[in-house]
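These notes concern the structure reproduced below.
The values are calculated or read from the model by the stated rules, or taken from the named source; none is laboratory data. Here the structure is a predicted model, which means the values were calculated and not measured. For neighbour counting, all protein chains shown are included, and Cβ atoms are generated from backbone atoms with ideal geometry for every residue, glycine included. Accessible surface areas use protein heavy atoms only, side chains included; no ligands, DNA or RNA. Shrake-Rupley method; radii C 1.70, N 1.55, O 1.52, S 1.80 Å.
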Amino acid sequence: MTITKYNASGNTFVIFNTNKRDDYSDLAIELCKKEDVDGLIVLVPHKGYDFEWLFYNNDGSTASMCGNGTRAVAHFAFENKISGSLVKFLTGAGEINCNVNGDIVETTMTEPIVMKSQFEELGLNWVMIDTGVPHLVTIVDDLEKFDLDICSQMRYSHNANVNFATVVDGALRVRTYERGVENETQACGTGMTACFLRALELDLITSPTNVYPTSGELLVLKKDAEGIYFKGQVIREETKEI
């Protein structure tokens, strides 16, 4: 088997393509531990798209959507001639379209769904938005308020990822506690998107906006009449046979 390792804003993935549709959850656990990555992405054929992805967290659980993963897999598909520079593929959250320009990839994000409007819990104000996967968002004045105990409690009581966000000099800074990782993650595309939408709603930012996750890498989020767009650099770390 030939695998490729990618880094997208601090999120790391093992990616491979195959003609065999199967349950790769056990393989995901094995490969993610061996390669020290956050997730496994498997490309399988689909008649209506360039491909369909099967996405696994490092604990073997599946996820419908991953913003950083979509950018990494689009770059992989382009480099391996599975698609052109305009990539269209199917995820558990629906169709995704990406534009590959060198190592910069812009991806569309799925239509957001507000699952729960503003509410207070554990001394903070929250909203819950599904951006492909469910995310809790709280806007704070200082990211040092990010608290793993609060995140864990909110994650299990609402079965959602948990995000703390703040605005500094017009840019959005985000810290995310992610299901499957069960800890703070370096970056989460769907989480940054949820925070971006909440900050836009509160008129704290404008579109497009620079966004910085825990990894410190620059990403750009944009919303217009056509949809939501997420752009940033991806890095192919290595390709090898195992």
Condition first: of a type in the set (D, E, K, R), over 20 Å from Ile235 (Cβ atoms) and surrounded by fewer than 23 Cβ atoms within 10 Å (Cβ to Cβ). Can you find one or more residues in the range 2-19 that meet it?
no
Could you list, in sequence order, the residues of the range 194-221 that are open to solvent by 70 Å² or more (accessible area, probe 1.4 Å) and either closer than 29 Å to Thr12 by Cβ or in contact with a Leu (Cβ under 7 Å, 6 or more places away or on another chain) (or both)?
Pro208, Leu218
Could you list all residues from the range 207-231 that are without any contact (Cβ under 8 Å) to a residue 40 or more places away in the chain and acidic (Asp, Glu)?
Asp224, Glu226
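Among the residues of the range 58-74 satisfying the criterion of being more than 8 Å from the chain's Cα centre (by Cα) and surrounded by fewer than 24 Cβ atoms within 10 Å (Cβ to Cβ), which is nearest to Val87 (Cα to Cα)?
Step one: list which residues in the range 58-74 are more than 8 Å from the chain's Cα centre (by Cα), which gives 58-64, 71-74.
Restricting the remaining residues to those that are surrounded by fewer than 24 Cβ atoms within 10 Å (Cβ to Cβ) gives 58-64.
Details: Asn58: 25, Asp59: 28, Gly60: 26, Ser61: 25, Thr62: 22, Ala63: 20, Ser64: 18 Å.
So, considering only residues that are more than 8 Å from the chain's Cα centre (by Cα) and surrounded by fewer than 24 Cβ atoms within 10 Å (Cβ to Cβ), the one nearest to Val87 (Cα to Cα) is Ser64.
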Residue ID - least open to solvent (accessible area, probe 1.4 Å), chosen from residues in the range 20-47 that are out of contact with any Phe, Trp or Tyr (no Cβ under 8 Å at 6 or more places or on another chain) and acidic (Asp, Glu):
Glu35
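Residues of the range 75-118 being more than 18 Å from the chain's Cα centre (by Cα) and open to solvent by less than 60 Å² (accessible area, probe 1.4 Å), which ones? Can you show your working first?
If we filter the range 75-118 for residues that are more than 18 Å from the chain's Cα centre (by Cα), which is where we start, we get 78-86, 101-102, 115-118.
Across the range 75-118, the qualifying residues are Ile82, Ser83, Gly84, Ser85, Gly102.
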